[in-house]
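Student: Please see the structure below; I have some questions.
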Amino acid sequence: MLQQAIQAFQGGNFDSADLILKRVLRVDSKNLPALHILGLIKASEANYREAADLLGRAARISPNDASIQYNLAKTLADSGNDQDALGHHKKAVALAPNNPEAWLNYGKTASNLGRYEDALVLYSNALSLRSDYVEAAINKGATLKELKRFDEAIAHYDKALSLKPDYHEAWTNKGVALKELKRFDEAIAHYDKALSLKPDYHEAWTNKGVTLHELKRFDEAIAHYDKALSLKPDYHEASWNKSLSLLLRGDFENGLPLYESRWDSNKISEIIGKNFFDEPTWLGVQSLQGKTILLYGEQGLGDFIQFSRYAKLVSDLGAKVILETPKPLANLMENLVGVSHLVIKGEGFPPFDYQCPILSLPFAFDTNIYSIPMGNPYLTSRPNEVAEWNLKLGEKRKKRVGLVWSSVSSFKDDAKRSLRLIDFVRALPLEGFEYICLQKELKECDKEFFESYKNIRFFGDELGSFSDTAALIDNLDLVISTCTSVPHLSAALGKETWVLLSHVPDWRWLLDRVDSPWYQSMKLYRQSIIGDWGDPLENIKVDLLSLIQ
C-alpha cells in the first residue's frame, strides 16, 4: 500500500496518494515515509499547519534525516514561521552540507529575520557549492541592498543577469539599488527592461514610479502607480506611494484617503508601528460627544509633535482624549491642550471607546491645504527648566542659534536629511552669533572636525529628554536644522526656525514654497539640485548676515 502511495505521489496524483497515506497512518501512526510524503503533499497545497505537524512528527522519529529537516524548515518558513524554521535549517545544513538549496533557504529565513550578515554567509556557502546558482546570487544582492552596500548588491544582480538575462526580478532589483545611489536614469532603464520582459510586473511599475517621484516627475509617477494598481488592485505599496506624490503636491483631498493604505500593507505598517485594538478606529464619522478616544503615535517623534496639535480638535468634539506618547516626549506633552489623560508608550490604558493613529487625524478632520490647524504655538516649556538652561548658557552677548545638521536615527532616508558638519558650517558666519548644538549625539564622521572647530557649544547627555531640548530652545533666538524632529519641536514652541530640505522632501513640506502652512515661524531652504546643499547653505548664510547688519 505504501508503494502505491509513493507511485501516486511521484506521478503527481496527490489526491490518491493522500488517501492511501492516511490509511497507512491509521494502521501505523509512526510510519516515517508516510508522514514525510503526506507532509510534502500538504505543503504543496499550502496547508502549512498540517504539513508542519506531519513533518515535525517525522523529524522526531528520525532527527538525523537531512531531507526531513530541510522540508520541515522550508514548510515553517513558507508559513511565515521563520523563527521556528531557523533551527531546522541549521540541522539540515549540518546533516547535508553539500546541498546548496539548503543553504539558500537558510539564508532566506535569516534575511527575513533581519539577520543580514548571517544571510550573506549562508548565500555565499550556496554559491561556493554552485557558482551558477542564480537564485542565490539575486538573494545575496537583495541582502546587500538591505545593508546599504549598493555597489556590491549591483555586482550580484549583474552576476544573476549574466546567468539569466531574462530574469525580470534581477532587472528591477538592480534598478532599486541604482535608485538608492541616485543613478535615476539608469534605474529607469532597468525598470523598463524588466517591464519589457514582464509587462504585468506590478512591482516594477511601482518602483519606476518611486524613481520618477524622486525626479519630480509626479504626473508620470502617479500614472505608474495607477498602472500597478490596475494590474493588482490590492497592491497597497502602490497606493501608499501614490498618496505621497499627491500629498507633496498639496492634493490632500485625494492624498489623505490613500495615505490610510499604510495600514493595509504589512511591509509598511510594520515599519511605521501599527497597533491592534478591539475598539474601533475613529476616522471622523462617529460622534465623539461623551466618548473617550485613544490617540497613539506612529512613525517618528517629529511626526508625533507635528500632529499632536489635533488633540485639541478632537477634544472640541466633546471627547475625553487619552494620548499615548513616546517616553522621550512625555514631559513635553503633559500640558498639551485637549489631552485629558497622558499614557507613556508601553504602559496600560484606561478604558476607551475609540482609537485613532495620530497621522490619521488630518484625514479624520478632512484637512486640506487651507484648513491646516496652525494657530498659535501649541507646546510650552517648563519655566524652571528654561531658567536652569539660562544659567548654564551664561550671560548672553550675541544672538544664539541652535543647530542640527544630522540625525543618528535608523530612518531609511537619513542620507537625504543629514549633512556633514564640515559642510554645514559653511552657512555659519564666524562673528555675531553664539552657536548651540541641539543634537544629543554626533556621528563618527563629525567628531574629529567638531573637536577642532570649537565654535559650537555641545551639551550631549545634558539633553536628557525633549523637555530639556525645548527649554534650551526657549533660550535661543533662532533654530537652524535639517528635517529631523527638532524643527517640529522648535516651531511648535513658536521659535523662529529655518529648515534645510532635500530636493524632494517629505510630503508635509510641499513643493517650492519658502514657508510652511503647518508652522507660522518656519522658513524653508530647499535644494535646487539633487543632493547639492550649496544653494540652501549659501542662502542661510546671507540671511544670517542680514540679522547682524
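The values are calculated or read from the model by the stated rules, or taken from the named source; none is laboratory data. Just so we're clear, the structure is a prediction, and the values are computed from it rather than from any experiment. Positions of Cβ are generated from backbone atoms using ideal geometry, with glycine treated the same way; all protein chains shown enter the neighbour counts. Note: areas computed on protein heavy atoms with side chains; ligands, DNA, RNA excluded. Shrake-Rupley method; radii C 1.70, N 1.55, O 1.52, S 1.80 Å.
Student: Scan the stretch 354-362 and tell me whether some residue there is within 19 Å of Val337 (Cα to Cα) and open to solvent by 40 Å² or more (accessible area, probe 1.4 Å).
Tutor: Scanning the stretch 354-362, I find no residue that is within 19 Å of Val337 (Cα to Cα) and open to solvent by 40 Å² or more (accessible area, probe 1.4 Å), so the answer is no.
Student: I've got another one for you. Can Gly87 be described as touching a Phe, Trp or Tyr at 6+ places or on another chain (Cβ under 9 Å), small (Gly, Ala, Ser) and assigned to a helix (DSSP H, G or I)?
Tutor: Answer is no for this residue.
Yes or no, residue by residue, for (1) closer than 18 Å to Leu463 by Cβ; (2) among the aromatic types (Phe, Trp, Tyr); (3) surrounded by fewer than 17 Cβ atoms within 10 Å (Cβ to Cβ):
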| site | (1), (2), (3) |
| --- | --- |
| Val314 | no, no, no |
| Ala319 | no, no, no |
| Leu332 | yes, no, no |
| His341 | no, no, yes |
| Ile344 | no, no, yes |
| Gly375 | no, no, yes |
| Tyr378 | no, yes, no |
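Student: Would you check which residues across the stretch 157-209 are assigned to a loop (DSSP other than H, G, I, E, B) and either touching a residue at least 40 places away in the same chain (Cβ under 8 Å) or among the β-branched types (Val, Ile, Thr) (or both) and list them?
Tutor: Selection gives Lys182 alone.
Student: Output the number of the condition that Trp103 fails; it satisfies all remaining conditions of (1) more than 24 Å from Ala58 (Cβ to Cβ); (2) touching a Phe, Trp or Tyr at 6+ places or on another chain (Cβ under 8 Å).
Tutor: (1)
Student: Have a look at Leu336, Leu403 and point out the one that is of a type in the set (A, V, I, L, M), touching a helix residue (DSSP H, G or I) at 6+ places or on another chain (Cβ under 7 Å) and buried (at least 17 other Cβ atoms within 10 Å of the Cβ).
Tutor: Just one listed residue meets the conditions, Leu336.
Student: Here's something else I'd like to know. Of all helices (runs of 4 or more DSSP H) completely enclosed by the stretch 275-353, which ones contain at least 2 residues that are over 22 Å from Leu256 (Cβ atoms)?
Tutor: Filter on the stretch 275-353 gives 330-333.
Student: Considering each residue of the stretch 115-143, count those that are open to solvent by less than 30 Å² (accessible area, probe 1.4 Å) and under 12 Å from Ala160 (Cβ atoms), and give that number.
Tutor: Of the residues in that region, 8 qualify.
Student: Oh, and also: Take Lys396 and decide whether it is in a helix (DSSP H, G or I), touching a helix residue (DSSP H, G or I) at 6+ places or on another chain (Cβ under 9 Å) and open to solvent by 20 Å² or more (accessible area, probe 1.4 Å).
Tutor: Answer is no for this residue.
Student: Any residue in the stretch 384-403 that is under 19 Å from Val479 (Cα atoms) and of a type in the set (Lys, Arg) sitting within a Cβ distance under 9 Å of a residue that is assigned to a helix (DSSP H, G or I) and open to solvent by less than 50 Å² (accessible area, probe 1.4 Å)? List the pairs, counting only those 6 or more apart or interchain.
Tutor: Close Cβ pairs (under 9 Å, with a partner that is assigned to a helix (DSSP H, G or I) and open to solvent by less than 50 Å² (accessible area, probe 1.4 Å)) amount to Lys392/Leu472; Lys399/Leu544; Arg400/Leu393.
Student: Under 6 Å by Cβ, and 6 or more places apart or on different chains, what pairs join a residue from the stretch 325-336 that is at pLDDT 90 or above with one that is in a helix (DSSP H, G or I)?
Tutor: Note: pairs meeting the criteria are Thr325/Met333; Pro328/Phe466; Leu329/Phe466; Asn331/Ser467; Leu332/Phe466; Leu332/Ser467; Leu332/Ala470; Leu336/Ala311.
Student: Which count do you get for residues in the stretch 146-163 that are more than 26 Å from Leu113 (Cα to Cα) and either surrounded by 16 or more Cβ atoms within 10 Å (Cβ to Cβ) or of a type in the set (A, V, I, L, M, F, W, C) (or both)?
Tutor: 2
Student: Kindly evaluate Leu144 against the criterion of being part of a helix (DSSP H, G or I) and under 28 Å from Leu35 (Cβ atoms).
Tutor: Against the criterion (part of a helix (DSSP H, G or I) and under 28 Å from Leu35 (Cβ atoms)), Leu144 does not qualify.
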